[in-house]
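Engineer: After the structure tokens below, expect a handful of questions from me.
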Amino acid sequence: MSNIEQLVRDNVRKLTPYQSARRIGGKGDVWLNANEYPEATAYQLTEQTLNRYPECQPVKVIERYAAYAGVKPQQVLVSRGADEGIELLMRAFCEPGKDAVLYCPPTYGMYSVSAETLGVERRTVPATADWQLDIPAIERALDGVKLLYVCSPNNPTGNLINPDDIRTLLDMTAGRALVVVDEAYIEFCPQASVVSWLKQYPNLVVLRTLSKAFALAGLRCGFTLASEEIIGILLKVIAPYPLSTPVADIAAQALTEAGISTMRKRVESLNARRDRLQQQLKECGDVTMTYGSETNYLLFKLTDSERVFKALWDKGIILRDQNKQPGLQGCLRISIGTQRECDAVIDALKAL
Ligand SMILES: Cc1ncc(COP(=O)(O)O)c(C=O)c1O
């Protein structure tokens, strides 16, 4: 171990960093591994005051997001992506070495990585066979848990979590823990949002992002929605200037009425393309199963997923391998690209 290595915190030395799509690499021209929107919208910067520090919580962005989500501005926190929201909650609520966070694999990887980075215990309760919450097992595992992360729709499986189970969880944890519902993909199934429950459940937190349906993954802008009290606590631990002036400028534009209406049109055509792609995947010889999805990606199972993943990779088509996730042996995840990209995948699969 080098001198520097000896100085590193124990948990960081042992940490496997999040394998983001960009870190994994690949030399593709068809990028379908990060659940991004496949086409960019052009924006013009309108704020030129880069000599000044930005607002910590840019008022226009907060007000517009609050109006869009149907909550009070005091119930909104804006951060560098939903990922920062995931971590801020742990920093504010979990004592390293004492408290735990709970989540239900297979699910989004950052709940684990953030907890590990901060030295907070990770308690996992595997999802049931149909990727729902195992409520009795969660109840048995609650001791010392301060935060429960529920991803709905879930990444990478694409399904919604049963709302009755989320209510059960909120009741079960009332006064003891917060239930954080990660709605990163909710624009693809807006009727399923639990944001209106914030009035009723003081222990509910909702995470959102501009990275998916708003087509702004490169902007790094996400939201935490919760009671005024919880938002006030998170404001104590957030960086003084989390969003740069250009980020706030573009986020405010994306959240105008016109921006929201463009997003909704995008969702409509993407959902139709996703359903067509699912149909076509079913007709490919190597595909043994496709799973329903409420998101901008599909999970599917193959007879030999490693061979197919590699063959597509070599053709410059980059998907996400889910083999190592619990219960997802033989599965790949594909983000819904442009029609041309979806056609390229189907052609490549049929040619194998
Ligand atoms: C379920 C889920 N939550 C949060 C995020 C992070 O979103 P952001 O880009 O806003 O950090 C992602 C990104 O893929 C995600 O899939």
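Engineer: Please list, in chain and number order, the residues 5+ apart from Val150 or on another chain whose amide H is under 5 Å from its amide H, with Hs placed from the backbone.
Structural biologist: Distant-sequence amide H within range of Val150: Val180, Val181, Asp182.
Engineer: Using a Gaussian network model of the chain whose springs link C-alpha atoms within less than 10 Å, name the residue from Gly218, Gly109, Gly330 with the highest mean-square fluctuation.
Structural biologist: Per the Cα network of the chain with a 10 Å cutoff, Gly218 tops the list.
Engineer: Next up: Which of the listed residues, Asn271, Ala115, Gly70, is farthest toward the dipole's positive end in the chain, when Lys, Arg count +1 and Asp, Glu count -1 at the beta-carbon?
Structural biologist: Comparing the listed Cα positions along the dipole, Ala115 ranks first.
Engineer: State in Å² the accessible area per residue of the chain; use a 1.4 Å probe, count heavy atoms of protein chains only, and round to the nearest integer.
Structural biologist: 46
Engineer: Mind listing the phi-derived Karplus ³J(HN,Hα) values for the stretch 24-34, rounded to whole Hz, using 6.51, -1.76 and 1.60 with θ = phi - 60°, and x for any glycine or proline?
Structural biologist: Result, ordered by residue: 5, x, x, 10, x, 10, 10, 9, 10, 10, 10 Hz.
Engineer: Another one. Explain nothing, just compute: Karplus ³J(HN,Hα) = 6.51 cos²θ - 1.76 cosθ + 1.60, θ = phi - 60°, for every residue of the stretch 50-65 in order, whole Hz, x for Gly and Pro.
Structural biologist: For the stretch 50-65, the Karplus-derived couplings read 6, 6, 9, 5, x, 5, 5, 10, x, 4, 4, 5, 4, 5, 5, 5 Hz, x marking Gly and Pro.
Engineer: Quick check: from the Cα gyration tensor, does the chain come out rounded (a/c under 1.5), prolate or oblate?
Structural biologist: It comes out rounded by the Cα gyration axes.
Engineer: If you count the DSSP beta bridges with both ends in the stretch 129-279, what percent of them are antiparallel, to the nearest 5? Write down the numbers at each step before the final one.
Structural biologist: Values: 4 of 13 bridges.
Of all bridge pairs located within the stretch 129-279, approximately 30 percent are antiparallel.
Engineer: Right, something else. Ordered by residue, what ³J(HN,Hα) values in Hz, to whole numbers, does the stretch 92-101 give under the Karplus form 6.51 cos²θ - 1.76 cosθ + 1.60, where θ = phi - 60° and Gly and Pro are x?
Structural biologist: Taking θ as phi minus 60°, the curve returns 7, 10, 10, 7, x, x, 10, 8, 10, 10 Hz for the stretch 92-101.
Engineer: So what is the relative contact order of the stretch 191-299, in percent, for Cα pairs below 8 Å that sit 6 or more residues apart?
Structural biologist: The value is 18 percent.
Engineer: Another question about this same structure. So if R0 is 41 Å, what FRET efficiency would Glu283 and Asn162 give, r being the distance between their Cβ atoms, rounded to the nearest 0.05?
Structural biologist: 0.85
Engineer: Separate question: Which trypsin sites (Lys or Arg not before Pro) from the stretch 120-177 combine a DSSP loop assignment with at most 13 other Cβ atoms within 10 Å?
Structural biologist: Loop-located and lightly packed - Arg176.
Engineer: Let's see if you can work this out: charge +1 on each Lys and Arg Cβ, -1 on each Asp and Glu Cβ, no other charges. What is the dipole magnitude of the chain about its Cα centre, in debye to the nearest 20?
Structural biologist: 420
Engineer: In the stretch 1-91, which trypsin sites (Lys or Arg not before Pro) fall in coil by DSSP and have 15 or fewer other Cβ atoms within 10 Å?
Structural biologist: Taking the stretch 1-91 and a limit of 15 other Cβ atoms within 10 Å, the loop trypsin sites (Lys or Arg not before Pro) found are Arg9, Lys27, Arg52.
Engineer: While we're looking at this one, here's another question. Round to a whole angstrom and tell me the spacing of the C-alpha centers of the stretch 222-247 and the stretch 273-326.
Structural biologist: 37
The values are calculated or read from the model by the stated rules, or taken from the named source; none is laboratory data. Keep in mind the model is a prediction, meaning the values are calculated, not measured. Note that each Cβ is placed from the backbone with ideal geometry, even for glycine, and that neighbours are counted across all protein chains shown. With ligands, DNA and RNA removed, areas are computed over all heavy atoms of the protein, side chains included. Shrake-Rupley method; radii C 1.70, N 1.55, O 1.52, S 1.80 Å.
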